[in-house]
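No value in this document is a laboratory result; all are computed from the given coordinates. Since the model is a prediction, treat every value here as computed from it, not as a measurement. Cβ: placed from backbone, ideal geometry, glycine included. Neighbour counts: every protein chain shown.
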Amino acid sequence: MIKGQKELRAFLNRKVEEYNRPAFIANDPISIPHQFSRKQDIEIAGFFAAIFSWGNRTTIIRKSRELMQLMDQSPYQFILQREEEDLKRFLGFKHRTFNATDLLYFIAFLKSHYSRYESLEEAFLRPWEGRAGSLREGALAAFYHYFFSLEDLAPARTHKHIASPEKKSSCKRLNMFLRWMVRKDDKGVDFGIWDRLSPSRLVCPLDVHVARVAKNLGLLSREQADWQAALELTDYLLLLDKEDPVKYDFALFGLGAVEKF
């Protein structure tokens, strides 16, 4: 039994070191953006891999690879230069409840965004600037509204694939994507290619594995795995590392999904 914050920090730090290493990449959806070196390719591949991340990890990786192949292994170039005829190749694509209708809107949004901005980081920061609310909630809520700002094109069914704190969702997949893009260390897993969002403002991705372990360790009391639970967990992790709280996602996920803690 772990007693005290100091002992807990030491235990979780050991688990971070165990899982935050290149060997982690191959069997995780983060392996998809690791196929690329261009910043925009990493962003797009990472965004889709994160959005697809519910269910079996093997299936998530397989479907993400399938999509990258459909984009000729050059997603940024494909999205900016594609013709209407090119879109027919996506009509049979499906991953769980995500289908071709959703995919075509995602592509339309990404083309619209990258036609104006160099990085997807702008999609999380620019829509939020000047709005009320904290960065943690505000950036994700603003991203949701910005993502569906192509109102004439956005199908109603597609809204369920982008989470928002306004819907009380834990926003697990978006928070995981942000971790990949924002966290900086020398371990080779997370990319750290975004500079305007601080790792200290990230929210820990909360899935069933992380929530179970967090409750077992006394880091989380809330029963529902919702936005408030994600904030409660992250606030505790900030006590362990105020600069990089979501590094503990490696420990909590590894303990839950791999070790069945």
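Listing 83, 121 from fewest to most neighbouring C-beta atoms within 10 Å gives 83, 121. At a Cα cut-off below 16 Å, give the lysines reachable from residue 242, other chains included and same-chain residues fewer than 8 away excluded. Hits, sequence-local ones excluded: 6, 184.
Peptides 235-245, 206-216, 168-178, 32-42 ranked from most to least packed by the mean count of surrounding Cβ atoms within 10 Å: 168-178, 206-216, 32-42, 235-245.
Along the axis of the charge dipole computed for the chain (Cβ charges of +1 for Lys and Arg, -1 for Asp and Glu, origin at the Cα centre), the listed residues 32, 219, 246 are led at the positive end by 219. Multiplying the residue separation of residue 85 and residue 111 by 0.36 nm and subtracting their alpha-carbon distance yields 7.8 nm. Computed from Cα atoms, the angle from the helix 5-19 axis to the main principal axis of the chain rounds to 40 degrees. Charge dipole (Cα centre; +1 on Lys/Arg Cβ, -1 on Asp/Glu Cβ; no other charges) of the stretch 211-261 amounts to roughly 220 debye.
When +1 charges are put on Lys and Arg Cβ atoms and -1 charges on Asp and Glu Cβ atoms, the dipole computed for the chain relative to its Cα centre reaches about 700 debye. Selection among 98, 13, 144 by position relative to the dipole of the stretch 5-258 gives 13 as farthest towards the positive end (Cβ unit charges, Cα centre).
As a calculated quantity, the FRET efficiency between residue 154 and residue 58 at R0 = 30 Å, using C-beta atoms, amounts to about 0.45. Scoring 12-23, 86-97 by mean Cβ neighbours within 10 Å over their residues and listing the highest first yields 12-23, 86-97.
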